[in-house]
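The values are calculated or read from the model by the stated rules, or taken from the named source; none is laboratory data. If you're wondering where the values come from, they're calculated on a predicted model, not measured in any experiment. Don't worry about glycine lacking a Cβ; one is built from the backbone with ideal geometry, like all the others, and counts go over all protein chains shown. Surface areas here come from the heavy atoms of the whole protein model, side chains and all, with no ligands, DNA or RNA. Shrake-Rupley method; radii C 1.70, N 1.55, O 1.52, S 1.80 Å.
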There are 2 protein chains.
Amino acid sequence: MHIGILGTGIVGQTLGLRLVQLGHPVMLGTRDPAQLDEPKGRGPDARTLRTWLALAGSAASVGTFREAAASGELVITALSGVVSLEVLQTVGEASLHGKTLLDTSNPIDVSRGFPLTLFVKDTDSLGEILQRAFPTVRLVKTLNTMTAALMVNPHLVGHGDHTVFVSGNDAQAKAQVAELLRELGWHDILDLGDIATARGTEMMLSIGHAVMRALSPAEIAFKVVR
Amino acid sequence: MHIGILGTGIVGQTLGLRLVQLGHPVMLGTRDPAQLDEPKGRGPDARTLRTWLALAGSAASVGTFREAAASGELVITALSGVVSLEVLQTVGEASLHGKTLLDTSNPIDVSRGFPLTLFVKDTDSLGEILQRAFPTVRLVKTLNTMTAALMVNPHLVGHGDHTVFVSGNDAQAKAQVAELLRELGWHDILDLGDIATARGTEMMLSIGHAVMRALSPAEIAFKVVR
């Protein structure tokens with residue numbers, strides 16, 4: 001399945017590389033696809049897109065946001081939450097119409113530091129904002145409660161025995177996303193219900209960061225025990 | 001250890017009964033201790049205080065909020081978050097001075113229905129509000145991410161293999177609370193740090209309710225996998 005990923009930071013690169021390895025042609029979308037030699041993302045794992053293309057091989061490509069969205073049968077947002085809406089507006093609904101949009105973005109208020117704050121929380125969610133703005137898109141919020149490394153390798157902690165949450169209004173799109181999550185190694189895929197339940201997972205940012213600060217520098221994951 | 005519990009709903013009654021069974025004399029504090037025959041709390045588990053006293057035996061008693069707080073070497077809030085501050089003001093700092101206050105209350109905005117909303121969230125927490133109002137109290141926020149049944153019986157789900165969070169500024173008080181949690185059957189007691197980390201656990205209300213609605217009517221718990 002052709003997949004377009006909007007965003008070239010750690011999340012976009014990590015998801016893209018793994019999805020290519022799983023046999024999916026991937027195009028990463030970025031503001032300026034000509035900038036192949038600038039490190040993307042932060043920290044020691046930041047790679048240039050040239051390096052990423054060399055790693056990912058011939059099934060991988062880089063394009064504009066719009067090209068990446070148009071190329072994908074399924075589209076993934078791997079963006080900072082503050083720019084998700086703007087980037088999707090740049091792309092336009094035509095390139096996304098009827099497609100499943102796997103949204104990993106979180107409403108972190110990047111203008112503040114720690115403790116982490118959110119620009120939308122219990123009365124709305126970024127998932128709902130994006131779904132309202134693009135009503136013909138089948139938005140599924142998932143993978144937003146963990147690091148990029150864990151998204152593509154749940155076995156990094158606890159032998160993969162932990163939970164990934166899924167929120168969205170379209171059952172077919174959620175089934176498609178669940179299939180992709182299983183390919184990534186996920187077993188405990190918990191469908192929370194409609195997109196309003198994204199409030200719950202987006203607000204987990206706060207406990208997630210508190211736990212990571214308390215246990216630093218370990219990877220951590222949440223399991224719903226029942 | 002003498003324990004005073006503020007609140008006579010399901011949480012107060014359940015914690016009180018179990019703590020008496022564990023050998024701690026308990027006084028439940030309530031607005032009007034003469035009302036022994038009115039069911040407290042909601043749902044099928046709501047009991048009158050007369051029934052509770054009969055179940056709990058001679059080490060149990062009922063008094064005013066102030067009497068319960070004064071009686072306890074350790075004090076527990078088992079209150080709706082909207083009244084926690086007011087009840088503690090009724091009690092007064094003198095009855096709480098230097099004591100460990102185990103705070104289970106959550107900032108649920110009870111004026112609204114579902115999806116659940118909070119009257120304080122990422123920029124502050126109920127734990128911090130109470131700690132600021134009573135600076136000589138050693139406040140420890142814990143047990144606020146689960147039902148009353150699970151608080152006193154973590155083995156109800158997953159053989160007890162899940163996490164209880166602890167937040168507070170006073171290491172000695174947190175050690176005392178951790179000891180009490182171990183008596184209740186908890187093994188995975190995760191100290192998140194200072195009271196500001198209560199923002200994380202209080203904001204878990206949203207994911208907790210989403211999961212309970214998705215999996216209803218099972219008990220659920222969260223485990224930090226690392």
Going through (1) small (Gly, Ala, Ser); (2) within 14 Å of chain A (Cβ to nearest Cβ); (3) within 16 Å of B:GLY29 (Cα to Cα) one by one, B:GLY113 fails only at (3)
Go through the stretch A:79-122 and give me each residue that's at pLDDT 95 or above and of a type in the set (Asp, Glu). A:GLU86, A:ASP103
Total residues in the stretch A:154-184, condition in contact with an Asp or Glu (Cβ under 8 Å, 6 or more places away or on another chain) and over 28 Å from A:ILE129 (Cβ atoms): 3
Taking the residues in the stretch A:94-110 that are surrounded by fewer than 18 Cβ atoms within 10 Å (Cβ to Cβ) and of a type outside the set (Asp, Glu) as candidates, determine which candidate is nearest to the other protein chains (Cβ to nearest Cβ). A:VAL110
Within the stretch A:198-209, the residues that are of a type outside the set (D, E, K, R) and in contact (Cβ under 8 Å) with a residue 40 or more places away in the chain are A:ALA198, A:THR201, A:MET203, A:MET204, A:LEU205, A:SER206, A:GLY208, A:HIS209
Failed item in (1) out of contact with any Phe, Trp or Tyr (no Cβ under 7 Å at 6 or more places or on another chain); (2) touching a residue at least 40 places away in the same chain (Cβ under 8 Å), with A:ALA94 passing the rest: (2)
Take the conditions under 15 Å from the mean Cα position of the chain (by Cα), more than 13 Å from A:PHE222 (Cα to Cα) and among the hydroxyl-bearing types (Ser, Thr, Tyr) and apply them to A:THR142. Does it pass? yes
Please note which helices (runs of 4 or more DSSP H) are completely contained in the stretch A:125-226 and include at least 1 residues that are under 16 Å from A:PRO107 (Cα atoms), within 8 Å of another protein chain (Cβ to nearest Cβ) and open to solvent by less than 30 Å² (accessible area, probe 1.4 Å). A:198-215
Given (1) in contact (Cβ under 8 Å) with a residue 12 or more places away in the chain; (2) more than 19 Å from A:VAL166 (Cβ to Cβ); (3) not aliphatic (A, V, I, L, M), identify the lone condition not met by A:SER111. (1)
Every residue from the stretch B:173-203 that is of a type in the set (S, T, N, Q) and either in contact with a Lys or Arg (Cβ under 7 Å, 6 or more places away or on another chain) or closer than 14 Å to B:LEU150 by Cα (or both): B:THR201
Flag if B:PHE114 is farther than 21 Å from B:ALA218 by Cα, aromatic (Phe, Trp, Tyr) and open to solvent by 20 Å² or more (accessible area, probe 1.4 Å): no
